[in-house]
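To keep things clear, I will list the structure first and then write my remarks on it.
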Amino acid sequence: MSVNTLLATENLNEVRSQRLNDVGQQWSGKLESNPEHANLTFAINAKSVGAIATDIRAGKHSFLIDEPAGLAGDDAGAAPVEYALGALAACQQIVYRLYAHQLGIQVDDIQIQAEGDLNVKGLFGLDEQVRPGFSDVRLVVNITGPESAERYRELQETVDAHCPLLDVFANPTPVSISQRINGAEASDD
């Protein structure tokens, strides 16, 4: 079912509920039979295109990341930091839906605004005291529904404790980088 078809469906809540139930049962069965199924690896492939843009392939999906002209790009797609904020907001929204269902909390709608502050002095190497990434990230989660503020706070605490992308943003994650030159592993020689 396409997103447009799903959005036009009158029984969206029923469809969502059934999907969440089905997935929960599938995962329970998988993990019960083999706890190693809990370990997932996600992968993408990135290829340079245009002035400085990047074509990303993620399974059967693709998307273009670029920079605005002021940062040497062609403005053919959102910037990497905008995709990062978008990924965080999307992950929050997904986890809100998952845990609202699990906790029996009715959520009619979720809208999330994300902002991140970045000082380009770090990016351009002009000040080694300035980090090249975000110095601050802010999310505003707007929820509509009939529940009490206390129930929505309970939901927020649960989501914030279990959102994978919030964890990536909030906690150091080990990153290893290897370089290949003309297809061969680079060496220190």
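Only a single criterion out of (1) under 23 Å from LEU139 (Cβ atoms); (2) touching an Asp or Glu at 6+ places or on another chain (Cβ under 7 Å) is not satisfied by LEU85, namely (2). Counting only strands (runs of 3 or more DSSP E) that sit wholly inside the range 25-75, those with at least 1 residues that are within 30 Å of GLN102 (Cα to Cα) are 53-58, 61-65.
Residue check: SER48 meets all listed conditions (1) of a type outside the set (A, V, I, L, M); (2) over 20 Å from the mean Cα position of the chain (by Cα); (3) outside the structural domain of LEU166 (by TED's automatic domain parsing); (4) within 20 Å of LEU165 (Cα to Cα) but one, namely (4). Within the range 124-159, being exposed (fewer than 10 other Cβ atoms within 10 Å of the Cβ) and either touching a strand residue (DSSP E or B) at 6+ places or on another chain (Cβ under 7 Å) or of a type in the set (Lys, Arg) (or both) holds for ASP136, ASN142.
The set of residues in the range 1-57 being touching a Ser or Thr at 6+ places or on another chain (Cβ under 9 Å) and at pLDDT 90 or above consists of ALA46, LYS47, SER48, THR54, ASP55, ILE56.
Among residues of the range 145-158 that are in contact (Cβ under 8 Å) with a residue 12 or more places away in the chain, those with a Cβ under 8 angstrom from a residue that is among the hydroxyl-bearing types (Ser, Thr, Tyr), sequence gap 6+ or separate chain, pair up as GLY145/TYR152; LEU155/TYR96; LEU155/TYR99; THR158/TYR99.
The values are calculated or read from the model by the stated rules, or taken from the named source; none is laboratory data. Predicted model, so just to flag it, every value in this text is computed and none were measured. Here Cβ is always computed from backbone atoms with ideal geometry, including for glycine, and neighbour counts include all displayed protein chains.
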